[in-house]
1. In deg cm²/dmol, rounded to 500, what helix-only [θ] at 222 nm does the chain give when every DSSP H run of at least 4 residues adds -39500 (n - 2.57) and the total is split over its residues?
2. Would you mind computing, in nm to one decimal, how far apart the modelled labels at S326 and D212 are, each placed 7 Å from Cα along Cα→Cβ?
3. At a Förster radius of 25 Å, what calculated FRET efficiency corresponds to the Cβ-Cβ distance of Q119 and K145, to the nearest 0.05?
4. Quick one: 3J(HN,Hα) in Hz for region 24-33, Karplus 6.51/-1.76/1.60 with θ = phi - 60°, rounded, Gly and Pro as x.
5. For a label point 7 angstrom out from the Cα of K319 toward its Cβ, which stretches of region 336-352 have the backbone nitrogen within less than 17 Å?
6. Using all C-alpha to C-alpha distances in region 193-320, build P(r) with 10 Å bins and read off the rounded percent in each one.
7. Would you calculate the separation in nanometres between label points at K356 and H136, each defined as 7 Å from the Cα along the Cα-to-beta-carbon direction?
8. Give me Rg/Rg_expected for region 242-377, where Rg uses Cα atoms only and Rg_expected = 2.2 N^0.38 Å with N residues.
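Just so it is clear, none of the values below were taken in a lab; they were calculated from the coordinates. Bear in mind that the values here come from a model prediction, so they are computed numbers and not experimental data. In this analysis, Cβ positions are derived from the backbone assuming ideal geometry, glycine residues included, and neighbour counts consider all displayed protein chains.
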Amino acid sequence: MNKEFLSVLEQLEREKGIDKSLLFDAVKQALTISAKKIAKLTNPNAEIKVDIDYEKGDIHVYIGEEEVVSQEFGRIAAQTARQVIIQKIREAEKENIYNEFKGKEGDIISGVVYRIEKQGVILDLVGKVEGIIPNHLLSPLDRLKMGERVKSLVYEVRKGKGAQILLSRKHEGLVKKLFELEVPEIYEGIVEIKSIAREAGERTKIAVFSKDDKVDCVGACVGIRGARVKNIIEELRGEKIDIVRWSEDIREFIRASLSPAVISKIELDRENKRAKVMVSNDQLSLAIGRKGQNVRLASKLVGWEIDVRSKEILEEEIKNLAQIKSVGKKLASILVDAGYRDISSLAHAQESELAKLKGIGDKKAIKIIEEAKKMLESNNENT
């Protein structure tokens, strides 16, 4: 029996990937429970002792000083042992799955759509292991079908009754990992991904840099005839991707991040990481993008607050504010920078906030607001 016992444990170790010492502990625990059930009938206060020879597989169970012969355990004892062993095996399997996938958080994984439920999409990852893409972590463009193979990011692995593997198709890390898979130069470390900004289902901007002057970072990511980036766009169901050349020169980086818009001028506030970008009227909508998406993604990509303004409109705003008696052209420019872009905004300004601006104290702030109110009333009467 001892050889057969060891053989079974070794088989479980191979098939389930569970350390044999854990199985020995499970057997010991099961036999202890079984022996206690027998002891209740014969010697309830006796000490229970279970000895297992891990090399030979010999098992000895003692109730007090008396060794219990295996046949005395009976049907209930055998069932208890079996249940405890099965439970330990399941616990160990779940622990193995948790440990394996916990180390894969942030990595990409491929799976097959196994079920589609109200709370999300269930993927079959590796045989018996399932992962879930919750609805809020799906891309708006995802229309996944049963049996379809998709790539996802291992977003989080939680420990509960078992390992819960949360996947994401929405996280920007998925785009990064797709580029690493598709572009050998990134995988080899020649081309580096500096930053990513993503609005899943619509557009992603990715900034790249080449450590080798002979390798064009943008060209490497695009691939011959756009083959590499096309594969990534296909996996993302048609999401647009802008590949931007990263630069140490923040002005150059901002220009690249706002492309294809042509930039006329950039003024930097390095202390607060703010950039005022001037463009001509015909480039304004291009720079800002649909619903402000282009400038919003550019700001996230660069890590600076970017304010895009039309040069012509800015000059017009300064000219309008300069009509107030207490405000000259220089002060009008300061007011516009602070967000006061018309007479109405000045008329409704808070004195305390206005007084904080350079060249304006408490008295002047009151005067400017009063003059702005009078001018606004006059303009309303004339209209």
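1. Helix-only estimate at 222 nm: -14000 deg cm²/dmol.
2. With each label placed 7 Å out from Cα toward Cβ, I get 6.5 nm.
3. Once the sixth-power term is evaluated, E becomes 0.90.
4. Each residue of region 24-33 in turn: 4, 4, 5, 5, 4, 5, 5, 5, 5, 4 Hz.
5. In region 336-352, the label zone of K319 (backbone N under 17 Å from the point 7 Å along Cα→Cβ) covers 336, 341-343.
6. 12, 40, 33, 12, 3, 0
7. Once both label points are built, they end up 3.3 nm from each other.
8. Its radius of gyration relative to the 2.2 N^0.38 Å reference: 1.19.
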